[in-house]
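Report on the structure given below.
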Amino acid sequence: MTDKAILAQWAKNLLNDDFFKEVIDNLKKEQISVIINTSAEECDRREDAYRHIKTLELITGHLEGLASETVIKEKKWKIL
């Protein structure tokens, strides 16, 4: 098994892990709560919370890309 295949499997396992999914979901909910519960004057707090949500999405998106890399590679060989 190559390093990329090992990394892809690790990413798949992490993304399918219930604890990991719950942690990410809770972090997003906390940030959404910040956005909802700030006063009109707290623009900076809302913007920070929005950036935190986007960072979580960036991390999970990167992991999804790693996890699908072996699938993409397998399909590439089938096309050729």
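Here are some notes:
- Complete set of residues in the stretch 28-53 that are open to solvent by 90 Å² or more (accessible area, probe 1.4 Å) and either part of a helix (DSSP H, G or I) or of a type in the set (S, T, Y) (or both): K29, E30, I36, D44, R45, E47, Y50, R51, H52
- The residue that is nearest to S68 (Cα to Cα), among those in the stretch 1-49 that are in contact with a Ser or Thr (Cβ under 6 Å, 6 or more places away or on another chain) and touching a residue at least 40 places away in the same chain (Cβ under 8 Å), is A8.
The values are calculated or read from the model by the stated rules, or taken from the named source; none is laboratory data. All figures in this text were calculated on a predicted structure; none of them were measured in a lab. When we count neighbours, we look across all protein chains shown, and the Cβ atoms used for this are built from the backbone with ideal geometry, even at glycine. Remember, those area values only see protein heavy atoms, side chains included, never the ligands or the DNA or RNA. Shrake-Rupley method; radii C 1.70, N 1.55, O 1.52, S 1.80 Å.
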